[in-house]
Amino acid sequence: MSDSNPCLSCGACCAHFRVSFFWGECQSAGGVVPDDQVVLITPHRVAMRGTEQKPVRCTALLGEVGQGVRCTLYEQRSSTCREFEASWVNGEHNPHCDAARSAHGLPPLMPPVLPSVSPERVA
Ligand code: SF4
Ligand code: SF4
């Protein structure tokens, strides 16, 4: 994760959505997510502790949303966390990122502005 990662000064999604996933991702089932960091929400699904309640805030999130944050379980986070990408980081818009940021009073991330290249320079 580089310093330019917008998530390091955000964290809104970790304090907005219920972060749920199949219980098989937990350590006791052979996965990586520590069991004491989750709560059972259905017979086969768990949620990150703190995201199953209101106000939502994953207990693994350190720092202040919109200022500076860190996931204390970064290497052990679930597939749900791994697959949730900030808008435009990989060229695609993620409206759920926008929604989480908006809920915390943060503007949506904007796509990068590419420098204009004249046809002569391309040829
Ligand atoms: S809401 Fe978007 S920018 Fe903020 S931490 Fe989540 S993915 Fe990153
Ligand atoms: S485990 Fe980390 S990335 Fe996932 S919701 Fe919690 S703080 Fe966010």
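Just so it is clear, none of the values below were taken in a lab; they were calculated from the coordinates. Nothing here was measured: the structure is a model prediction, and the numbers come from that model. Cβ: placed from backbone, ideal geometry, glycine included. Neighbour counts: every protein chain shown.
Per-structure values
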{"quantity": "Residue pairs meeting the criteria (Cβ under 7 Å; at least 6 apart or on separate chains; first of a type in the set (K, R), in the stretch 10-37; second in a loop (DSSP other than H, G, I, E, B))", "calculated": "R18/T51; R18/E52; R18/V56"}
{"quantity": "Candidate set: the stretch 26-62, residues that are within 16 Å of ligand 1 (Cβ to nearest atom) and small (G, A, S); chosen: the one surrounded by the fewest Cβ atoms within 10 Å (Cβ to Cβ)", "calculated": "G50"}
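Residues are listed down the side, and each one gets a yes or a no for (1) under 13 Å from F17 (Cα atoms); (2) within 13 Å of ligand 2 (Cβ to nearest atom); (3) out of contact with any helix residue (DSSP H, G or I) (no Cβ under 9 Å at 6 or more places or on another chain):
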position	(1), (2), (3)
P55	yes, no, no
R70	no, yes, no
F84	yes, yes, no
L109	no, no, no
P112	no, no, yes
